[in-house]
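Visitor: Once you've had a glance at the structure underneath, I'll fire off some questions.
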Amino acid sequence: MAGGAVVSTGGKDYPGRLTLFVFFTCVVAATGGLIFGYDIGISGGVTSMNPFLEKFFPEVYRKKQGSNSTNQYCKYDNQLLQTFTSSLYLAALVSSFFAATVTRVVGRKWSMFAGGFTFLVGAALNGAAQDMAMLIIGRILLGVGVGFANQSVPVYLSEMAPARLRGMLNIGFQLMITIGILAAALINYGTNKIKAGYGWRISLALAAVPAGIITIGSLFLPDTPNSLIERGHPEAARRMLNRIRGNDVDISEEYADLVVASEESKLVQHPWRNILDRKYRPQLTMAIMIPFFQQLTGINVIMFYAPVLFETLGFKGDASLMSAVITGLVNVFATLVSVFTVDKLGRRKLFLQGGMQMLVSQLVVGTLIAVKFGTSGVGDMPKGYAAAVVLFICVYVAGFAWSWGPLGWLVPSEIFPLEIRPAGQSINVSVNMLFTFVIAQAFLTMLCHLKFGLFYFFAGWVVIMTVFIALFLPETKGVPIEEMVLVWKGHWFWNRFIGDHDVHVGATNGKATA
């Protein structure tokens, strides 16, 4: 390897503590992750419920009722069923570009409000759906809500948090995603027991609860100092910075750096064009590659289709839904590990350790499935053997939940300078949603054709992404956003793209050392 990727920035540690006000606002903002997580968890559950399949996907329902002598890998292979899940993410991809403008022009909080309200309407349509058109239109509205929330919430959290605690508070977004997934799994388990057959309606309609939380909560959120300065309210920004850092803290240096960053950002008339400048090449690369790799970990195979996947592996009805609850619990608790370690261990160590853990567990799961089902897809899985599969899937989920899960949102949200931040976050969200859509649309077909080899396919990608992180991602923990350029300037590879004239760190200069 050509040199180390760990950089000492010599950056500032602005004074300030974690005030109750900042903690409250970050918790409220992070609830934007609930809507994303709830949808990820709920869609796979309802698509395994017989009344839902019988009403909207009768062909899949008939295949599901077939005997165990049929190919287990292919019984859910249906393009329309995959479109039900994936349409949301295509809508999120498109809406994230509009969300960038809203986030920049009217502020982060109103972008969150727009996302929550649109998701609320989509939840109502899905819960009341009478035909496929209502179902898909509802999913599209849910996608618009997810696009707005995913664009604005990570940026809001990164801007409100003190630099040394930015990782912990930003991961609150991913923690809320995991709580949403777990809540959805528990609700699916309960509603599946409703004998009248309308449980799926309750599951889909209850998406209105997390949507209502972020919609109402966003009305009480303050704007970030960065956003206020960007929109021409310097005194309001100073007062807000003073409030979030503590009234007894000297904010003059941090405020001066925010103003300098804002003045530089105003020189950028076309952020979507300027983000292609050579000096932004490191950030642009990360905004594309990190969400791309995050989806190719294979996590959405587990989270979208957990009950479907477990049924394919031989679990029955309630057992498949309970297995999804178990993985959901692991997801939540493992994310808490990341919350408390990311600002101590740093981003790189978690990325690398999580990658190795996911690799091993995917290889084991693929092999266990191969032994029982082979290439024919015909077989049965004893309880003890099935428990081993669930165990290693949980090991995989834990590895993702303290590495690529939270860090896939944290790192892109903290590396962009103010002048291109909304555009950069939009690219991050768009790439994430594009490949989420691709995986959601293709997974059941891939499972039918690749069979157990699907787990080896994702394991191969985990190797590639782990090597990418080792070589090209510098450590960003504790670095003020306004000084992040020093990290890239000090990196063995990225420093060739950044000239000395591109390094401006505000009131006083820092030094970058490799």
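The values are calculated or read from the model by the stated rules, or taken from the named source; none is laboratory data. Owing to the predicted nature of the structure, the values given are computational and were not obtained by experimental measurement. Here the Cβ positions follow ideal geometry from the backbone for every residue, glycine too, while neighbour counts run over all protein chains shown. Side chains included, ligands, DNA and RNA excluded: accessible areas come from the protein's heavy atoms. Shrake-Rupley method; radii C 1.70, N 1.55, O 1.52, S 1.80 Å.
Visitor: Under the classification rounded if a/c is under 1.5, otherwise prolate if a/b is larger than b/c and oblate if not, where does region 328-372 fall, given a ≥ b ≥ c as square roots of the Cα gyration tensor eigenvalues? Please list the in-between numbers first.
Guide: Numbers: a/c = 6.47, a/b = 1.95, b/c = 3.32.
Verdict is oblate for region 328-372.
Visitor: Let me ask you something else. Which net charge results for the neighbourhood of L186, defined as the other residues with beta-carbon distances under 14 angstrom from its beta-carbon, given Lys and Arg at +1 and Asp and Glu at -1? The partial results should precede the final answer.
Guide: Values: positive: K193; negative: D318.
My count for the surroundings of L186 gives 0.
Visitor: Which cross-chain or sequence-distant (5 or more) residues have an amide H under 5 Å from the amide H of K477, H modelled 1.01 Å from N in plane?
Guide: R347
Visitor: Here is a follow-up. Using the alpha carbon gyration tensor of region 361-514, what are the three equivalent-ellipsoid semi-axes (square root of 5 times each eigenvalue), largest first, in whole Å?
Guide: The answer is 42, 16, 13 Å, longest axis first.
Visitor: Which cysteines in the chain lack any other cysteine whose Cβ sits under 4.7 Å from their own Cβ?
Guide: C26, C394
Visitor: What does the accessible area per residue of the chain come to in Å², with a 1.4 Å probe and no ligands, DNA or RNA counted? The partial results should precede the final answer.
Guide: Working: 18030 Å² over 514 residues.
Each residue of the chain exposes 35 Å² on average to a 1.4 Å probe.
Visitor: Can you compute the modelled spin-label distance between I202 and V463, with each label point 7 Å from Cα toward Cβ, in nm?
Guide: Between I202 and V463, the simple spin-label model gives 4.7 nm.
Visitor: May I pose another question? Excluding the sites themselves, what is the longest stretch of the chain that contains no trypsin sites (Lys or Arg not before Pro) in a DSSP loop with at most 16 other C-beta atoms within 10 Å? Present the calculation step by step, with values, prior to reporting the outcome.
Guide: Working: sites that count: R17, K193, K195, R231, K316, K511.
The answer is 317-510.
Visitor: Continuing with the same structure: Relative contact order (percent) for the chain, with alpha-carbon contacts under 8 angstrom and 6 or more residues of separation?
Guide: 29
Visitor: Just going by the charge dipole of the chain, with Lys and Arg at +1 and Asp and Glu at -1 on Cβ, which of T215, A398, N188 is farthest out on the positive end?
Guide: N188
Visitor: Leaving out ligands, DNA and RNA, what percent of the accessible area of region 180-260 is carbon and sulfur, probe 1.4 Å?
Guide: 62
Visitor: Here's a follow-up. What are the ³J(HN,Hα) values, in whole Hz, obtained from phi via the Karplus relation 6.51 cos²θ - 1.76 cosθ + 1.60 with θ = phi - 60°, for each residue of region 170-187 in sequence order, with x given for Gly and Pro?
Guide: 5, 5, x, 5, 5, 4, 5, 4, 5, 5, x, 4, 5, 4, 5, 5, 5, 5
Visitor: Taking the Cα centre as origin and putting +1 on Lys and Arg beta-carbons and -1 on Asp and Glu beta-carbons, what dipole magnitude results for the chain, to the nearest 20 debye?
Guide: 820
Visitor: Using a 1.4 angstrom probe on heavy atoms only, work out the carbon and sulfur share of the accessible area of region 332-435 in %.
Guide: Values: 2490 of 3210 Å².
That fraction is 78 percent.
Visitor: Can I ask one more? Once both labels are modelled 7 Å past Cα along the beta-carbon direction, what's the F98-E253 spacing in nm?
Guide: 4.4
Visitor: Can I ask one more? Compute the Cα gyration tensor for region 107-189, then decide on rounded, prolate or oblate, letting a ≥ b ≥ c be the square roots of its eigenvalues: rounded whenever a/c is under 1.5, prolate when a/b is larger than b/c in the other cases, and oblate in all that remain.
Guide: Oblate.
Visitor: For region 397-450, just say rounded, prolate or oblate: build the C-alpha gyration tensor, square-root its eigenvalues into a ≥ b ≥ c, call rounded for a/c under 1.5, and beyond that prolate if a/b exceeds b/c, oblate if not.
Guide: oblate
Visitor: Could you work out the percent of alpha carbon pairs in the chain separated by over 40 Å, rounded to a whole number?
Guide: The calculated P(r) of the chain puts 21 percent of pairs beyond 40 Å.
Visitor: Contour minus end-to-end for L336 and D500, with contour as 0.36 nm per residue of separation and end-to-end as the Cα-Cα distance? Walk me through the numbers before you get to the answer.
Guide: Details: separation 164, 0.36 × 164 = 59.04 nm, distance 3.95 nm.
Computed gain between L336 and D500 is 55.1 nm.
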